[in-house]
1. Inside segment B:76-89, can you point out the residues that are crowded, with 24+ Cβ neighbours inside 10 Å and either more than 16 Å from the ligand (Cβ to nearest atom) or over 16 Å from residue B:405 (Cα atoms) (or both)?
2. Tally time: how many residues in segment A:19-41 are closer than 23 Å to residue A:128 by Cα and within 12 Å of another protein chain (Cβ to nearest Cβ)?
3. Among the numbered conditions (1) within 14 Å of chain A (Cβ to nearest Cβ); (2) closer than 13 Å to residue B:338 by Cα; (3) more than 14 Å from the ligand (Cβ to nearest atom), tell me where residue B:412 comes up short.
4. Picking from B:364, B:390, which residue would you name as being part of a loop (DSSP other than H, G, I, E, B) and surrounded by fewer than 22 Cβ atoms within 10 Å (Cβ to Cβ)?
5. Just to verify a result, which residue in segment B:131-165, among those that are facing chain A (nearest Cβ under 10 Å) and in a loop (DSSP other than H, G, I, E, B), is nearest to residue A:181 (Cα to Cα)?
6. Test residue B:118 against the stated conditions and say whether it is surrounded by 24 or more Cβ atoms within 10 Å (Cβ to Cβ), in contact (Cβ under 8 Å) with a residue 24 or more places away in the chain, within 12 Å of chain A (Cβ to nearest Cβ) and not in a loop (DSSP other than H, G, I, E, B).
7. Go through (1) more than 16 Å from the ligand (Cβ to nearest atom); (2) within 12 Å of chain A (Cβ to nearest Cβ) for residue B:36 and report which single condition fails.
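Every number here is computed from the coordinates shown, using simple stated rules; none is lab data. Just so it is clear, the model here is predicted, and its values are computed rather than measured. All Cβ positions, glycine included, derive from the backbone under ideal geometry; neighbour counts span all protein chains shown.
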Ligand code: SF4
């Protein structure tokens, strides 16, 4: 369960090149990408903070990022999920996520919550009226509540991924436990 | 009920199914590159495990490499570090590497097919969204994130829910000057940048079947630009002829055996698709994009949509503002400063031949900077053998060395802020080709014609 204020970016089709531009993908570790999250929107002329961009506005804080539909489209770079997580977000809400981004987020403890367009709209409105509006996300119940309006939305999540997130299980441990089965599969498999 | 091509291949690779429908999918071939693999190798080190099947992974350096003087050390220390890390990881874990200086080096989605590594019926993944390219051979190929790269390295499998299936048919004959790039830009403009999300696409129809393998790769390459997980085309005589005799293709009796299997790879007549679209090839003209996602494309003689024609006006305004264009505007005649011919979409030998043939006897406009980046070392050498580099030079172009280059602007090849680039790559996102760069996606022929004219033109006026 997470209750938090949220940072709204009501733009559609936010692609991974906006989330983390390619020139910041040169690192060989997973850490430190948060600094460059939305780099080219956050800074103009390279490093002058753009006061109009929401992440530079101290009024808006929180562990929930709310964005327009088709969030995370474009490249498969997991750096996009890393940078959002690294910047302190735990949940991203949109009415529609690009597939690869959604999977990458789930693999990194960042929960993508898909809500209806109407619910999303309600979230943007509540934040507009009150930047301190809070939202409550329950992974167990698969619900998100707009605490200002009381509206609740039940979201879908892959059952296996939910189990992993709740229990801190890891895909690779699971796959490694299947090694014998994979080796047996290989015996009957012909690859040309 | 019959099976789709996709089902046939997917089902043959399921090792295990989890409750709730996620499959453990066996991966036949795994491609890696320097940008999305280092953290995955680190993960293996932390777990003290080896690569499970090192010979089923192939590595190359492409995203971050310079495209001139590749024989010299890389200038940028971060890029150099990333490329060296790949080399070290491949050595440590026994993964074959076609790195800088190797005759097989090139963009990962160009070298797989040209070496015969990519074959019908395979499952192929890579930490790169344009892995969909390999689907042109009738393979299930899709991009994955770094966590999944680690999954494949450690188990040769990925955890993946089965996507829905979509068929897109293009029927009839293409008009002159219309290339496969125009087909896919047209399809994306109709379906939008998110219209394929959740689906795996099969491209079918007589117009698709008439295409060469390289042209088919261009189509499958951009499947991801409408959000689809991947795209594929049933293998046929064109496919078999292309694969035959390549370095890693089966030879002799093994080829015959493979062929017999490949010939079973088609969608049964009574198979079900979750979504279907049919387009008429004759409706397609040379295409160009005007906005900041690949769905924002128009026929070259068309107008950018007016304000009243779009749904999300805020997004639309933001996008056109970035591009410095006005709603309702025509693009023909618009001055451009750069032309980029390259990327895994259009950098194969056929693309270069087509461009060279077009450029013969012409010279580029003085104010245009033109870059031609071959997709691989083999493409580069072939182009030089055929004398294409001489034609390019005479026209004011310059054939560089292989890599992703200005497709994503990780190396020095960037488009300056505010300037326009007609590009044969696949993404026109804000800043994709460099901060502030304005990208217009088009076919190699359209790009070449724009370079000559110094502005946006209809290539058909230059043919014959
Ligand atoms: S050429 Fe561009 S799209 Fe293709 S793999 Fe390289 S960066 Fe990605």
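1. Within segment B:76-89, B:86, B:89 meet the criteria.
2. 3
3. Status for residue B:412: all satisfied but (2).
4. B:364
5. Here the residue is B:156.
6. no
7. Just one mismatch for residue B:36, condition (1).
Every residue, every condition in (1) under 20 Å from residue A:99 (Cα atoms); (2) within 18 Å of the chain's Cα centre (by Cα); (3) in contact (Cβ under 8 Å) with a residue 12 or more places away in the chain; (4) surrounded by 13 or more Cβ atoms within 10 Å (Cβ to Cβ), yes or no:
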position: A:136; (1), (2), (3), (4): no, yes, yes, yes
position: A:153; (1), (2), (3), (4): no, yes, yes, yes
position: A:157; (1), (2), (3), (4): yes, yes, yes, yes
position: A:162; (1), (2), (3), (4): yes, yes, yes, yes
position: A:176; (1), (2), (3), (4): no, no, no, yes
position: A:182; (1), (2), (3), (4): no, no, no, yes
position: A:192; (1), (2), (3), (4): no, no, no, yes
